[in-house]
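Written out below as structure tokens is the structure these notes cover.
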Amino acid sequence: MIRTPKSLLFLLTIVFPFFSCSKDDVFDADVIIYGGTSAAITAAVQATKSGKSVIVVSPDKHLGGLSSGGLGFTDTGNKSVIGGLARDFYHRVYLHYEDSAAWQWQKHSEYGNKGQGTPAMDGNARTMWIFEPHVAEKVFEDYVKEYNIDVRRDEWLDRDGGVVVKEGRIVSITVLNGNTYKGRVFIDATYEGDLMAAAGVSYHVGREANSVYGEKWNGVQTGVLHHDHWFKSDISPYKVPGDSTSGLLYGVSGEHPGEYGAGDHRVQAYCFRMCLSNHPDNRVAFPKPDHYNPENYELLARVFASGWRETFRKFDPIPNRKTDTNNHGPFSTDFIGMNYDYPEASYERRREIIREHENYQKGLMYFLANDPRVPADVREEMAQWGLAADEFTDNGNWPHQLYIREARRMVGQYVMTEHDTFSEREIADPVGMGSYTLDSHNVQRYVKPDGYVQNEGDIGVHPGQPYQISYGSLVPKQEECTNLLVPVCLSSSHIAFGSIRMEPVFMILGQSAALAASLAIDGDVAVQEVDYATLERQLLDEKQVLSAPAVQKN
């Protein structure tokens, strides 16, 4: 790794007053990783293990993305296909909770050991799949220290002219503080795909029509009601029930939802994965947000009036009497329809969208705890909960990462579709596996022809068995860029991405991308020309899982 020696430049300006230097620095490394997600860190660890110099240029101050940002109730799917550094991450979490000192607010014996279809703590495999946010962040920081990884935090890509591309190769990226990073291979490990987009690589935002890839579960899905996130009772969307002239309630769109199976620009809903506590000594009362308007939650009040009582269904338990609280029901933490412009938005507009989501969700929790329209039994139970006082301590106990479930998706050398997740096509170049349900959260809330409200876009279809993920989905078309890998905003249809987008899979693909980057550097070839047989051998050496075990066990 080469960097401009600041101390030498300082001496030169003293000894030779006519000598001048820029305040901006130029840094070189074999691999430049843009992003601070879990995939970014596994990529950096693997690049270092492969003998390559690496710099992580992270817009985030906290490392780990959603894995350290509140999503501790891991979407494992079939854990037997989670290998490599991803499995090592969950092994390190296991070791943390093996220490009695880790159980500050709850005895280990009192913890229910509940995971998503699998035990939270697997003593045989020595892995733990459920964890507190600060524990995950510590694991990522431990990786950085152990492998001496150079991480530049709070450095944001200059999306307007900050990416220099020559003859189909990224030469350098420049961030808003003026620093420039040169590399031989670049990895975009952000949830937004900003580097990919700025490099001129093709991508898609929104849902493709089913006709594009011959799919069933993509596009507009009016009338398809999966999970429990839809209105099961007839509820009026109007301010005066039944009176369409009175105007729509907050959060309901007056637009036509679109034709079944058609493509659109809409993006599945985002939320914060809150970490709550019911320990009296470790909880902070839900704050009343600025500009709180209780009428924004009138639709939820009507849901309660219909008899719905599932408020606490997704207060998923994590250690120490805390939760990973997720969306559940027809009106919950997902801020449906309020994120459509996020993927392409400016940094300033994205910050506004994040604040809007935070205000909505804080307002929701305050409403549940205090509003008389909420049933008394719900308010009484809500009084037992608050934000965990020992989590996100530099951010008012609020998660530092919004759950960007989907933003841009590359249109690369190979596009993963639902046919791949159903194992209907042969994958010749697997670099990891997925197994989770094809899962899209709601995309819009609209008025049905009968005058009642309904949600649309929530899909949950099980793939049947673990499936392989193609190396071609991590790389752009060769004519567009030859030294970029994209393990997060990878090349995938909307509905296939609904399964692939899980944090363990992002860790897997980050590691695989780094191995491919190393081979591209060693062979002085385009990332699209990496010899797959060699890559496969190295992936297996690193304990990545590329095919499903004969006997699948969760």
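The values are calculated or read from the model by the stated rules, or taken from the named source; none is laboratory data. Because the structure is a prediction, the values reported are computed rather than measured. Backbone-built Cβ (ideal geometry, glycine too); neighbour counts: all protein chains shown. Side chains included, ligands, DNA and RNA excluded: accessible areas come from the protein's heavy atoms. Shrake-Rupley method; radii C 1.70, N 1.55, O 1.52, S 1.80 Å.
Details
- Where N is the number of residues in the chain, Cα Rg divided by 2.2 N^0.38 Å: 0.98
- Relative packing of 502-512, 41-51, 368-378, which averages over residues the other C-beta atoms within 10 Å, highest first: 502-512, 41-51, 368-378
- Region 214-363, accessible surface, carbon-and-sulfur percent (1.4 angstrom probe): 48 percent
- Solvent-accessible surface (1.4 angstrom probe) belonging to LEU71, in square angstrom, nearest 10: 10 Å²
- Principal axis extents of the Cα atoms in region 108-175, from largest to smallest and rounded to whole angstrom, are 58, 26, 20.
- Accessible-area value, ARG379, 1.4 Å probe, nucleic acids and ligands omitted, Å²: 70 Å²
- Solvent accessible area, Å² - LYS239, 1.4 Å probe, full protein context: 130 Å²
- Global size of region 357-410 as Cα Rg and Dmax, reported in angstrom: 14.6, 48
- Span-rule helices in the chain, defined as complete DSSP H runs reaching 27 Å or more along the axis (Cα) with Kyte mean at least -1.0: 503-523
- For the chain: accessible area per residue (Å², 1.4 Å): 38 Å²
- Apolar share of the accessible surface for region 47-121: 48 percent from carbon plus sulfur atoms, 1.4 Å probe.
- Extension gain for the segment HIS419 to LEU95, taken as residue separation times 0.36 nm less the Cα-Cα distance, is 112.8 nm to one decimal.
- Per-peptide average of other Cβ atoms within 10 Å, ordering 336-344, 73-81 highest first: 73-81, 336-344
- Under 11 Å, Cβ to Cβ, from LEU249 - net charge with Lys/Arg +1 and Asp/Glu -1: +1
- Rounded, prolate or oblate (a/c below 1.5 giving rounded, otherwise prolate when a/b exceeds b/c) for region 298-420 by Cα gyration tensor: prolate
- Within-15-Å neighbourhood charge of GLY261 [Cβ basis; K, R +1; D, E -1]: -3
- Karplus-derived HN-Hα couplings along region 286-297 (A = 6.51, B = -1.76, C = 1.60, θ = phi - 60°), whole Hz, x at Gly and Pro: 4, x, 7, x, 4, 6, 4, 10, x, 5, 5, 10
- Once the Cα-Cα distance is subtracted from the 0.36 nm per residue extended length, the HIS134 to TRP156 segment shows a gain of 5.5 nm.
- Peptides 186-195, 486-495, 462-471, 96-105 ranked from most to least packed by the mean count of surrounding Cβ atoms within 10 Å: 486-495, 186-195, 462-471, 96-105.
- Sorted from greatest to least, the principal axis extents spanned by the alpha carbons of region 26-122 come out as 53, 29, 21 Å.
- Under 5 Å between amide hydrogens, built in the peptide plane, is the criterion, and for GLN444 it picks out GLU456 among residues at least 5 positions away or on other chains.
- Three-way shape label, region 290-330, alpha-carbon gyration tensor, a/c 1.5: oblate
- Three-way shape call for region 206-291 based on the alpha-carbon gyration tensor, with the a/c threshold at 1.5: oblate
- Cα-based convex hull, region 444-546, per residue volume (Å³, whole number): 125 Å³
- Annotation: amide H-H contacts under 5 Å for MET274 (H modelled 1.01 Å from N, sequence separation of 5 or more, or interchain): THR325.
- Local net charge near ASN179, Cβ-Cβ under 9 Å (Lys/Arg +1, Asp/Glu -1): -2
- By DSSP, the beta bridges lying fully in the chain are antiparallel in about 70 percent of cases.
- Ordering LEU225, SER246, TYR260 by the projection of their Cα atoms onto the charge dipole of region 217-265, which places +1 on the Cβ of Lys and Arg and -1 on the Cβ of Asp and Glu, puts SER246 at the extreme positive end.
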